[in-house]
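Take a look at the structure below.
The values are calculated or read from the model by the stated rules, or taken from the named source; none is laboratory data. All of these numbers come straight from a predicted model, not from anything done at the bench. When we count neighbours, we look across all protein chains shown, and the Cβ atoms used for this are built from the backbone with ideal geometry, even at glycine.
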Amino acid sequence: MNTLVTNKAPADTRIVVAMSGGVDSSVTAALLAEQGYDVVGVTLQLYDHGAAVSRKGACCAGQDIADAGRVAESIGIPHYVLNYESRFREEVIDVFADAYVRGETPIPCVLCNQTVKFRDLLGVAHDLGADALATGHYIRRVETEGGVELHRAADESKDQSYFLFATTGEQLDYLRFPLGELTKDETRKLASRFDLPVAAKPDSQDICFVPQGRYADVVLKIRPDAAKAGDIVDLDGNVLGQHDGIIHYTIGQRRGLHLDAAEEALYVIRIDPDAKQVIVGPREALAITTVHLNNVNWLGGDITVGKVIECEVKVRSMRPPVVASVRLTGDGAATVDLAAAEHGVAPGQACVFYDGERVLGGGWIQREKSAIEAA
Amino acid sequence: MTSRSYLDFNATAPTRPEVIDAVAEAMREGGNASSVHADGRAARARVEKARQHVATLVGADATGVIFTGSGTESNNQALRCDNIERIIVSAVEHESVLQARPDAVVCPVTPEGLVDLDALARLLEESEKSTMVSIMLANNETGIVQPVAEATQLAHNAGALFHCDAVQAAGKIPVDMKALGVDSMALSAHKIGGPQGVGALICKTPSMMPRFVHGGGQESGLRAGTENVPGIVGYGVAAECALAGLNDFGALANLRDALEEHVLAIEPSAVIFGKGLDRLPNTSKFATKGLTSEVQVMGLDLDGASISAGSACSAGRVETPYVLAAMGIPDEIGLCAVRISLGWTTTPADIDGFIAGWQKLHDRKLGKS
């Protein structure tokens, strides 16, 4: 039975699978092939893998491209590699670096999904006559009478909805996420059952193009002049110490400040890229109750500007959702009032809206003043 | 399931059945061509017979034929010729020439894709250094046949040597090394239905060449190591077949032209490179704005036709292939180019298969015209 595309036999249904060479997308391809679909595997070559060839646990490096090819061979599907290095550099890596230079904390995985994956690869899938593009993301696509909805993954610990909030309705129509109902454990078992060459491969952890999580190295390579030293100041502007570049700091950070004088625990409250200042203060100063967003993607159906939606929101990927009211203010902007203060809300991160399991959309967090500062 | 249309002969040609038989026979016979006993002498005789066939294919003397492992090796080696201080290459040479001598002076091509002979003459005049010019006989991507005889004349008048990469031309069009006048020529077996892993470097004066591989005295002492007798035998048979089949190969131009007419009928804005020029009869390179090379190669593969975005050696890039860039082709066209190359197995049904698949891709992306 065709569970992915209605009114068509699986054999007549072409599905392009985005294969990273990891376990999840490999199982996705194997599952669909087993179900009899006309599966086409495509792997994106996203950055010069020379420096990252031997890395474990991140997607899309040279070894991973080879792994994707081996998996495709083992399940008997055609496999292609698309070289998107230059556009990935321009639209993801450079944007990532520029965000740090502006004192923000970017999420390159969202940009990658928005550009090379769900715009370019999706376009290629269309051109190849595919009925859908499937990925190994842990998220659910739910068809209802009112339209297609995006829901959190069944496995809460693997849920990737935070990184997929920017998926548009049009993209969602065409996308399929066969792993959304599975736990990681079940996926691993399937990988073993399919005897995939990557069955024992470790999960990817960090940002694929950042070796060993050292993002500052990547930023400095691209924007060498971003490492200008400056002052670490308190909320009143008193200089407490020096830093060697704002790119090394993120909102809510506590460790690595190296302030001898500090008696109380100090956190990074704000980053001022123009003054090259890192502003620190007590934890209370991190508290934020209002968040302003731009480039909001709304997946919750018809809505009018100004209407207040009571829902839950996540302001960081690893935070649990909290109660909030969201008001779209036009031009893709929104204001989010949190029922209880959140700590460590960083510009450049996403604020994602949920109605229970359902993802209502989200937007990009803009620079704020904390409650204490504003007072 | 219909049969596939293999239209990528410039990447590699399907091995001819006569070649497969001859290779199998040579493997059964065995023997080391350097041994003095009867088995060795028999192997030697097979190698020398093949050498003669390869020489005959391009009108050369068998004594100048050095068997190598590939056309790439042959090109690399030719450019290592003794006492050469300066190399001039055309902008559209194969990677095995360009990468072998990154220090080479690059001679431009005209927008049509022909080596600019005026520019070559100027480059030759510019320096007193001992110079070698390397220009291919036919381009692997466009099939455009270069004015090698004229270029060789210019080079020789200036006291320079001339190497010619004839990997794509030999066995596809008549080639006469003596008439061309070149000093050395690179060839490859698998482009004409021979085995992969065998090539030849033909030198007017082999003694000018430095040793490629040190050891025993094989291949005039230049390339040590026991000869790949089965491969060489297969190459000899492929050369013999190709020479006998040159007229048939020339007739592939009819199929190629029909394919191009079909493409233009479907998409009048398609750009065909080298049309109207002296081209290999089997090669068509064309671009359709809006239909990227990668989508065409993938889509046709899924539909059962094997074509190429460019040289198989440089596939996987996203910039305009350098051969087209050298002709001044902008990215919007260059990134949408594909190469179709026909050969001894090609039938009208292969062309029909390609056109059916291509029309589907075209109509899906660009709409019916």
Inset, instruction - Name the strands (runs of 3 or more DSSP E) wholly inside the stretch B:249-351 in which the number of residues that are surrounded by fewer than 22 Cβ atoms within 10 Å (Cβ to Cβ) and either within 13 Å of chain A (Cβ to nearest Cβ) or β-branched (Val, Ile, Thr) (or both) is 1 or more. - result: B:271-273
Inset, instruction - Go through the stretch A:241-253 and give me each residue that's in contact with a strand residue (DSSP E or B) (Cβ under 6 Å, 6 or more places away or on another chain) and buried (at least 18 other Cβ atoms within 10 Å of the Cβ). - result: A:His243, A:Ile246, A:Tyr249, A:Ile251, A:Gln253
Inset, instruction - Select from the stretch B:63-78 the residues that are within 16 Å of B:Glu227 (Cα to Cα) and aliphatic (A, V, I, L, M) and write down the one among them that is surrounded by the most Cβ atoms within 10 Å (Cβ to Cβ). - result: B:Val65
Inset, instruction - Inspect all residues belonging to the stretch B:220-230 and state whether any of them is farther than 26 Å from B:Val338 by Cβ, assigned to a strand (DSSP E or B) and not β-branched (Val, Ile, Thr). - result: yes
Inset, instruction - Say whether the condition of being touching a strand residue (DSSP E or B) at 6+ places or on another chain (Cβ under 6 Å) and either among the acidic types (Asp, Glu) or surrounded by fewer than 11 Cβ atoms within 10 Å (Cβ to Cβ) (or both) is met by at least one residue in the stretch A:324-335. - result: no
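So which residues in the stretch B:44-82 are assigned to a loop (DSSP other than H, G, I, E, B), farther than 17 Å from B:Phe212 by Cβ and of a type outside the set (Asp, Glu)? Give the steps one after another, and end with the answer.
Initially, the stretch B:44-82 is screened for residues assigned to a loop (DSSP other than H, G, I, E, B), giving B:58-61, B:69-70, B:79-82.
When the remaining residues are screened for being farther than 17 Å from B:Phe212 by Cβ, the result is B:58-61.
The answer is B:Val58, B:Gly59, B:Ala60.
Mind listing whichever residues of the stretch B:12-43 are in a helix (DSSP H, G or I) and either in contact (Cβ under 8 Å) with a residue 40 or more places away in the chain or closer than 15 Å to B:Val237 by Cα (or both)? Lay out the reasoning, then the answer.
Filtering the stretch B:12-43 for residues in a helix (DSSP H, G or I) gives B:17-29, B:38-43.
Of everything in the stretch B:12-43, those that are in a helix (DSSP H, G or I) and either in contact (Cβ under 8 Å) with a residue 40 or more places away in the chain or closer than 15 Å to B:Val237 by Cα (or both) turn out to be B:Pro17, B:Glu18, B:Val19, B:Ile20, B:Asp21, B:Ala22, B:Val23, B:Ala24, B:Glu25, B:Ala26, B:Met27, B:Ala43.
When only residues in the stretch A:72-91 that are among the hydroxyl-bearing types (Ser, Thr, Tyr) and in a helix (DSSP H, G or I) count, which is farthest from the other protein chains (Cβ to nearest Cβ)?
If we filter the stretch A:72-91 for residues that are among the hydroxyl-bearing types (Ser, Thr, Tyr), which is where we start, we get A:74, A:80, A:84, A:86.
With the extra rule that they be in a helix (DSSP H, G or I), the set shrinks to A:74, A:86.
On the way: A:Ser74: 19, A:Ser86: 6 Å.
Among those residues, the one meeting the criterion is A:Ser74.
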Inset, instruction - Identify the single condition in (1) modelled with pLDDT under 95; (2) assigned by TED's automatic domain parsing to the domain that holds A:Gly146; (3) of a type in the set (Lys, Arg) that A:Lys189 does not satisfy, given that it satisfies every other one. - result: (1)
Inset, instruction - Give me a count of the residues in the stretch A:108-146 that are assigned to a helix (DSSP H, G or I) and among the β-branched types (Val, Ile, Thr). - result: 4
Inset, instruction - Select from the stretch B:186-212 the residues that are in contact with a strand residue (DSSP E or B) (Cβ under 6 Å, 6 or more places away or on another chain) and either assigned to a strand (DSSP E or B) or crowded, with 24+ Cβ neighbours inside 10 Å (or both) and list them in ascending order. - result: B:Ala186, B:Leu187, B:Ser188, B:Gly199, B:Ala200, B:Leu201, B:Ile202, B:Cys203
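Give the residues of the stretch A:237-261 that are part of a strand (DSSP E or B) and free of Cβ contacts under 8 Å to residues at least 40 places away in the same chain, sorted by residue number. If you could, list the steps in order and put the result at the bottom.
Within the stretch A:237-261, the first condition is being part of a strand (DSSP E or B), and the residues that meet it are A:239-243.
Those that are part of a strand (DSSP E or B) and free of Cβ contacts under 8 Å to residues at least 40 places away in the same chain: A:Val239, A:Gly241, A:Gln242, A:His243.
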Legend entry - Hey, A:Gly169 under 18 Å from the mean Cα position of the chain (by Cα), within 26 Å of A:Pro320 (Cα to Cα) and surrounded by fewer than 16 Cβ atoms within 10 Å (Cβ to Cβ) or not: yes
Inset, instruction - Using the structure shown, decide if A:Val101 is more than 16 Å from the chain's Cα centre (by Cα) and either within 14 Å of chain B (Cβ to nearest Cβ) or not acidic (Asp, Glu) (or both). - result: yes
Legend entry - Residue that is farthest from the other protein chains (Cβ to nearest Cβ) [pool: residues in the stretch A:1-48 that are among the hydrophobic types (A, V, I, L, M, F, W, C) and in a loop (DSSP other than H, G, I, E, B)]: A:Met1
Inset, instruction - Sort out which residues of the stretch A:195-230 are surrounded by fewer than 12 Cβ atoms within 10 Å (Cβ to Cβ) and within 20 Å of A:Asp272 (Cβ to Cβ), and write them in order of number. - result: A:Asp225, A:Ala229
Legend entry - Members of the stretch A:235-256 that are closer than 19 Å to A:Arg367 by Cβ and not hydroxyl-bearing (Ser, Thr, Tyr): A:Leu235, A:Gly237, A:His243, A:Gly245, A:Ile246, A:Ile247, A:His248, A:Ile251, A:Gly252, A:Gln253
Legend entry - Selected residue (only one of A:Val268, A:Val219, A:Val198, A:Val278 is touching a residue at least 24 places away in the same chain (Cβ under 8 Å), within 25 Å of the chain's Cα centre (by Cα) and either assigned to a strand (DSSP E or B) or not assigned by TED's automatic domain parsing to the domain that holds A:Gln63 (or both)): A:Val219
Legend entry - Given (1) more than 20 Å from B:Val323 (Cα to Cα); (2) surrounded by fewer than 23 Cβ atoms within 10 Å (Cβ to Cβ); (3) not acidic (Asp, Glu), number of the condition B:Ala160 does not satisfy: (2)
Inset, instruction - Check off (1) in contact with a helix residue (DSSP H, G or I) (Cβ under 7 Å, 6 or more places away or on another chain); (2) modelled with pLDDT of 95 or more; (3) aliphatic (A, V, I, L, M) for A:Ala285 and give me the number that stays unchecked. - result: (2)
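When the stretch B:352-369 is examined, which residues are found to be more than 14 Å from chain A (Cβ to nearest Cβ), without any contact (Cβ under 8 Å) to a residue 12 or more places away in the chain and part of a helix (DSSP H, G or I)?
If we filter the stretch B:352-369 for residues that are more than 14 Å from chain A (Cβ to nearest Cβ), which is where we start, we get B:352-355, B:368-369.
Those left that are additionally without any contact (Cβ under 8 Å) to a residue 12 or more places away in the chain: B:352, B:368.
Scanning the stretch B:352-369 gives a single hit, B:Asp352.
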